[in-house]
Amino acid sequence: MREIPTWADPATHIARHRPDTALFYFAPAVLQATARRFLAGFPGLVTYAVKANAGEEVLANLVAAGIGTFDVASPQEMRAVRAICADAVLHYNNPVRSPDEVAFACEMGVASCSVDDRRELEKLAPLPRDVEVAVRLALPVTGAAYDFGAKFGAPPAAAVALLREVAEMGFRPVLTFHPGTQCADPAAWGTYIRTAAQVAHEAGVRIGRLNVGGGFASHRDGAAPDLEAIFDHIGQVARQEFGPDAPGLLCEPGRAMAAEAFTLATRVKALRGGNAVLLNDGVYGGLFEARDIGTARRITAIAPDGTPRNGAPVARTVFGPTCDSLDRLPEAIDLPSDLAEGDYLLFAGMGAYSLSLATRFNGYGPGETVTVDGLG
């Protein structure tokens, strides 16, 4: 990669350049520290879900921190990972694929795939039989910001039959699940692990590994998640349910790995009567997720010279820069009463999905990514 200049923190860069385009600030040290936390605490293999942020700088820093296995959902994500790490292990865990995508997966030498449907298993016939095939389980488990089971996953009875077929085809049988995005409750993993043990027992199949998915709560607002408590609960329940013959565990964090390493900086374009604020980025850009899972509320306001705004909080309606009236945050957010036109709002914990989902509607959207030593 090309040499990238590094700034001390977002406020230092803003005071020098006064950017008029929304920017992301990236702290490699934060990303690598998060990766090391997962590697040290999770009782099994740690992989990274590339969909959260496929940036070259993200993948390279994860490799530098010791991540060597990546959860990929498409041929393009496979290419992105291999461009950074030629010998990376690829887990192709998007449960629905075209035959052409399966053929490409064969070329790329994927090590693992997931399925939740018999037809999708049939499509995997061209893969070598030393590939892991993970049957994806879905349960009505609460505790996440939203449930992934509405789209992917087989209920327990169907998972039993599918797991048997995986074994009969000669693949290495595995079970997988995903508790849902931003799941702060360790009990959700426990429920899934207990059901996975029952599915394996009823199928009469010894699974080589159990993929406990992602969903590890990120820090959008409130207290930071207790990752170690989740890790400990996963390991404890797996030992209880599977006994001495317990399969190896693996996880695939995306949001929880990348989120804290980026801050989104937006500029106040205008203040309007009725406590309305218009920013240079909104729900068509780096704040895309706000309409579906709520606004990130860890927000710092600073003046153009980098000094903080500390006025009493005032509930404000926040609009983005486009011509669409839908371009607004779904609920009012508290911002300082001394906020002024030309100030900056820094949204913390924005490294996951913001860059992946941002559009260029009306010619707006985040500009360059600026590397910093820390995020303040």
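The values are calculated or read from the model by the stated rules, or taken from the named source; none is laboratory data. It should be emphasised that the depicted structure is a prediction, and the values quoted were computed from it without experimental measurement. We place every Cβ from the backbone using ideal geometry, glycine too, and count neighbours over all the protein chains shown.
Worth pointing out:
- Number of residues in the range 354-376 that are surrounded by 20 or more Cβ atoms within 10 Å (Cβ to Cβ) and either within 14 Å of Gly282 (Cα to Cα) or of a type in the set (D, E, K, R) (or both) equals 6.
- Counting residues in the range 102-115 that are part of a loop (DSSP other than H, G, I, E, B), modelled with pLDDT of 95 or more and surrounded by 19 or more Cβ atoms within 10 Å (Cβ to Cβ) gives one or more.
- Some residue of the range 235-255 being touching a residue at least 40 places away in the same chain (Cβ under 8 Å) and under 30 Å from Ala15 (Cα atoms): yes
- Every test in (1) more than 20 Å from the chain's Cα centre (by Cα); (2) surrounded by fewer than 20 Cβ atoms within 10 Å (Cβ to Cβ); (3) modelled with pLDDT of 95 or more; (4) of a type outside the set (D, E, K, R) is passed by Leu345 save one, and that test is (2).
- Looking across the range 315-342, the residues that are of a type in the set (Val, Ile, Thr) and either under 16 Å from Ala22 (Cβ atoms) or surrounded by fewer than 15 Cβ atoms within 10 Å (Cβ to Cβ) (or both) come down to Val318, Thr322.
- Selection status of Arg297, surrounded by fewer than 22 Cβ atoms within 10 Å (Cβ to Cβ), under 24 Å from Gly376 (Cα atoms) and modelled with pLDDT under 95: yes
- Which numbered condition Ala83 misses (of (1) buried (at least 16 other Cβ atoms within 10 Å of the Cβ); (2) farther than 30 Å from Gln236 by Cβ): (1)
For (1) in contact with a Ser or Thr (Cβ under 7 Å, 6 or more places away or on another chain); (2) within 17 Å of Leu249 (Cα to Cα), each residue gets a yes or a no:
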| residue | (1), (2) |
| --- | --- |
| Met78 | no, no |
| Ile84 | no, no |
| Ser98 | no, no |
| Ala105 | no, no |
| Ala111 | no, yes |
| Arg118 | no, no |
| Val131 | yes, yes |
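- Taking (1) acidic (Asp, Glu); (2) modelled with pLDDT of 95 or more; (3) within 22 Å of Thr181 (Cβ to Cβ) in turn, Asp221 satisfies each apart from (2).
- Pair list, Cβ < 6 Å and 6+ apart or interchain, from the range 195-224 residues that are touching a residue at least 24 places away in the same chain (Cβ under 8 Å) and more than 20 Å from Gly44 (Cβ to Cβ) to residues that are hydrophobic (A, V, I, L, M, F, W, C) and outside any helix (DSSP H, G or I): Arg220/Ala296
- The condition (being in a strand (DSSP E or B) and either over 19 Å from the mean Cα position of the chain (by Cα) or farther than 30 Å from Thr69 by Cβ (or both)) is satisfied by just one residue among Thr295, Thr263, Thr300, Thr322: Thr300.
- Single unsatisfied condition, Gly214 versus (1) under 23 Å from Asp130 (Cβ atoms); (2) among the small types (Gly, Ala, Ser); (3) assigned to a loop (DSSP other than H, G, I, E, B): (1)
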